[in-house]
């Protein structure tokens, strides 16, 4: 019986450290990183780059997530969504979390520098610092535009995947960044509307807290329209083709429908429904890119624009 209890405690410890890495968020980032790699070349991506490149990026993203947990531990204690997080609950001490973050980040940077290339490593470090330091430490508490400005760090993974394969910056890779950058505000503000009272209680100046729900819903719709336009640029620049265009238009129209419903409806569940769809939208949109890319393998890759 004592052995069983010991094993249970060990599993709980590892699950706490796993939770600190925000695995669901990192998984979505790695999905876009993988697709960035695959879109960068007309053929196959070298296996060592595919594995080690994404492993290094994932470790660095996990390090940034741990620092986010560490910095926000007092805020997390005030919110129903986050009060049970490992550091907020005291299951992981701040010093332990800091060592864990530096270990993850150090290993991730070493992998990228040794096995991938310096450009990808330094861009990944910039993304890590942008999220963990600039956004979490400063922007999140300073301005209701926090997620707009800080969203650039979270938009970097497809660029990191692209540079891991090519070692160079490319205009089409920056388009992928722009799509996620435009996607972030309506995605996160939809959740913020649903969690408005919690953010107010934690004294985080999210847009619904500082400017009200209607103002936020209008901006969700405006940014969704911007996202719709931006999502068509890979077709307009010759990067992708009609398969992508048709799918992007349909997915974008559905997203706009959710945003309109949020604006005109007072149903309590519309914010969370929009938030959930936004995740599905991004996954399907990037999946369409792959389908289109491999349907037109010879003409689907154009360097620059």
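The values are calculated or read from the model by the stated rules, or taken from the named source; none is laboratory data. Since the model is a prediction, treat every value here as computed from it, not as a measurement. Virtual Cβ from ideal backbone geometry, glycine too; neighbours counted across all protein chains shown.
Would a scan of the stretch 240-255 turn up a residue that is touching a residue at least 24 places away in the same chain (Cβ under 8 Å) and closer than 18 Å to residue 214 by Cβ? No. Note on the stretch 69-101: residues that are over 24 Å from residue 163 (Cβ atoms) and assigned to a helix (DSSP H, G or I) total 14. Restrict the check to the stretch 261-271 and report whether at least one residue is over 27 Å from residue 169 (Cα atoms) and within 20 Å of the chain's Cα centre (by Cα). Yes - at least one qualifying residue is present in the stretch 261-271. Return yes when residue 175 is touching a helix residue (DSSP H, G or I) at 6+ places or on another chain (Cβ under 7 Å), in contact (Cβ under 8 Å) with a residue 24 or more places away in the chain, surrounded by fewer than 23 Cβ atoms within 10 Å (Cβ to Cβ) and not assigned by TED's automatic domain parsing to the domain that holds residue 41 and no when it is not. When the stated conditions are applied, residue 175 passes them.
Do we find that residue 57 is within 26 Å of residue 277 (Cα to Cα) and modelled with pLDDT of 95 or more in this structure? So residue 57 passes the test. Here residue 216 meets each of (1) surrounded by fewer than 24 Cβ atoms within 10 Å (Cβ to Cβ); (2) in a helix (DSSP H, G or I); (3) at pLDDT 90 or above with one exception, condition (1). When residue 197 is tested against (1) touching a helix residue (DSSP H, G or I) at 6+ places or on another chain (Cβ under 8 Å); (2) assigned to a helix (DSSP H, G or I); (3) surrounded by fewer than 23 Cβ atoms within 10 Å (Cβ to Cβ); (4) not assigned by TED's automatic domain parsing to the domain that holds residue 65, just one condition goes unmet, and that condition is (1).
Set side by side, the residues 81, 141 differ, and just one is touching a helix residue (DSSP H, G or I) at 6+ places or on another chain (Cβ under 7 Å) and either surrounded by fewer than 19 Cβ atoms within 10 Å (Cβ to Cβ) or closer than 19 Å to residue 13 by Cβ (or both), which is 81.
Matching residues to (1) surrounded by fewer than 19 Cβ atoms within 10 Å (Cβ to Cβ); (2) under 21 Å from the mean Cα position of the chain (by Cα):
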site	(1), (2)
44	yes, no
48	yes, no
74	yes, no
95	yes, no
101	no, yes
131	no, yes
134	yes, yes
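Only one of these is in contact (Cβ under 8 Å) with a residue 40 or more places away in the chain, outside the structural domain of residue 105 (by TED's automatic domain parsing) and in a helix (DSSP H, G or I): 191, 137. Name it. One residue alone meets the criteria, 191. Flag: residue 240 does not match the condition of being surrounded by 15 or more Cβ atoms within 10 Å (Cβ to Cβ), within 22 Å of the chain's Cα centre (by Cα) and at pLDDT 90 or above.
From the list 164, 156, 118, the one residue that fits, being without any contact (Cβ under 8 Å) to a residue 40 or more places away in the chain, crowded, with 23+ Cβ neighbours inside 10 Å and not assigned by TED's automatic domain parsing to the domain that holds residue 257, is 156.
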